[in-house]
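Reading through the structure tokens given below for one structure.
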Amino acid sequence: MLHNALVRERLTSRDLWLGFSRGAFVYAEQGGYWEWCVPEDRALFFPGTLHVSRSLARRIRKGGFTITFDRAFDQVLRGCADREDTWLHEPLVSATKEAFRQGWAHSCEVWAEGRLVAGIYGLGIGRVFSAESMFRRETDMSKVALTALVEKCFEIGFAVVDTQTTMPYKLQLGAVPCPQSLYELLLPAWLRSDTAWSPRPTGMRTRQF
């Protein structure tokens, strides 16, 4: 059951799986409170829609960084939460770490000279990868992380990468705006099969709105 208001009870990875499989995502507050949110529009990447600008392509060709996956998941979570206005409070952090241990939460890390300079994490459910949050400590590195993650997801077999809100930089990178109502209609087909990054937790069946 999805909550329409702030609640204060333990958020589990099971809750995350059920909520995301119904098209919602979580905002957590201080003090253990959290709620489900549903946007008006989603920003979705499909195979072939990723657009790397000339300036970003030059930065990628220049190199000087290394990309890894699932090497520093906890560090990526901390990096994403380390900001003045964050929704990554303890209920969501704890549930997301649980999902990582179960094999369906994943991270992409960007390293430079041994330092973690950017990262992004998300959840794999069926053939939908939901990119949740990212951070950067050097210019353009968050875009490098997002680009690498999108490419990796399509290599693995995801049908779509959902980045939730339609921020301008996502649209510039090729994300396609999608009304929530259409997203909910498309979800059932995307959730019928799984990928190596989205093993279905024991006993979980897809619920629909």
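Being of a type outside the set (A, V, I, L, M, F, W, C) and touching a strand residue (DSSP E or B) at 6+ places or on another chain (Cβ under 9 Å) narrows it down to one residue among GLY103, GLY126; which is it? Of GLY103, GLY126, the one residue that is of a type outside the set (A, V, I, L, M, F, W, C) and touching a strand residue (DSSP E or B) at 6+ places or on another chain (Cβ under 9 Å) is GLY103. The set of residues in segment 119-153 that are more than 21 Å from ARG61 (Cβ to Cβ) and part of a helix (DSSP H, G or I) contains only CYS153.
Under the condition of being hydrophobic (A, V, I, L, M, F, W, C) and part of a helix (DSSP H, G or I), the residues counted in segment 154-166 number 2. Quick one: would you say SER181 is within 19 Å of GLY23 (Cβ to Cβ), assigned to a loop (DSSP other than H, G, I, E, B), modelled with pLDDT of 95 or more and of a type outside the set (Phe, Trp, Tyr)? So SER181 fails the test. All of (1) under 23 Å from VAL150 (Cα atoms); (2) at pLDDT below 95; (3) touching a helix residue (DSSP H, G or I) at 6+ places or on another chain (Cβ under 8 Å); (4) crowded, with 18+ Cβ neighbours inside 10 Å hold for PRO91 with one exception: (1). Among residues of segment 167-178 being outside any helix (DSSP H, G or I) and either within 20 Å of MET141 (Cβ to Cβ) or within 14 Å of the chain's Cα centre (by Cα) (or both), the one that is modelled with the lowest pLDDT is MET167. Within segment 65-73, one or more residues are in contact with a Cys (Cβ under 7 Å, 6 or more places away or on another chain), over 17 Å from THR165 (Cα atoms) and aliphatic (A, V, I, L, M).
Conditions tested, residue by residue: (1) free of Cβ contacts under 8 Å to residues at least 40 places away in the same chain; (2) out of contact with any His (no Cβ under 8 Å at 6 or more places or on another chain); (3) buried (at least 19 other Cβ atoms within 10 Å of the Cβ); (4) assigned to a loop (DSSP other than H, G, I, E, B).
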{"position": "LEU16", "(1), (2), (3), (4)": "no, yes, yes, no"}
{"position": "GLY23", "(1), (2), (3), (4)": "no, yes, yes, yes"}
{"position": "THR49", "(1), (2), (3), (4)": "no, yes, no, yes"}
{"position": "ILE60", "(1), (2), (3), (4)": "no, yes, no, no"}
{"position": "GLY64", "(1), (2), (3), (4)": "no, yes, no, yes"}
{"position": "THR68", "(1), (2), (3), (4)": "no, yes, no, no"}
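In segment 141-160, the condition of being of a type in the set (Ser, Thr, Tyr) and more than 22 Å from VAL38 (Cβ to Cβ) is met by at least one residue. Looking at the structure I just gave you, is VAL144 of a type outside the set (Gly, Ala, Ser), surrounded by 15 or more Cβ atoms within 10 Å (Cβ to Cβ), out of contact with any Ser or Thr (no Cβ under 6 Å at 6 or more places or on another chain) and closer than 16 Å to LEU77 by Cα? Spelling it out, it is not the case that VAL144 is of a type outside the set (Gly, Ala, Ser), surrounded by 15 or more Cβ atoms within 10 Å (Cβ to Cβ), out of contact with any Ser or Thr (no Cβ under 6 Å at 6 or more places or on another chain) and closer than 16 Å to LEU77 by Cα.
Within segment 141-162, identify whether any single residue is in contact with a Lys or Arg (Cβ under 7 Å, 6 or more places away or on another chain), within 24 Å of THR12 (Cβ to Cβ) and not charged (D, E, K, R), and answer yes or no. Yes, some residue in segment 141-162 is in contact with a Lys or Arg (Cβ under 7 Å, 6 or more places away or on another chain), within 24 Å of THR12 (Cβ to Cβ) and not charged (D, E, K, R). Checked against the criterion of being in a helix (DSSP H, G or I), at negative phi and buried (at least 23 other Cβ atoms within 10 Å of the Cβ), segment 100-118 has no qualifying residue. Among the criteria (1) among the polar types (S, T, N, Q); (2) under 16 Å from the mean Cα position of the chain (by Cα); (3) surrounded by fewer than 17 Cβ atoms within 10 Å (Cβ to Cβ); (4) part of a helix (DSSP H, G or I), the one THR86 does not fulfil is (4).
The values are calculated or read from the model by the stated rules, or taken from the named source; none is laboratory data. For clarity, every value in this text was computed on a predicted model and none was experimentally measured. Backbone-built Cβ (ideal geometry, glycine too); neighbour counts: all protein chains shown.
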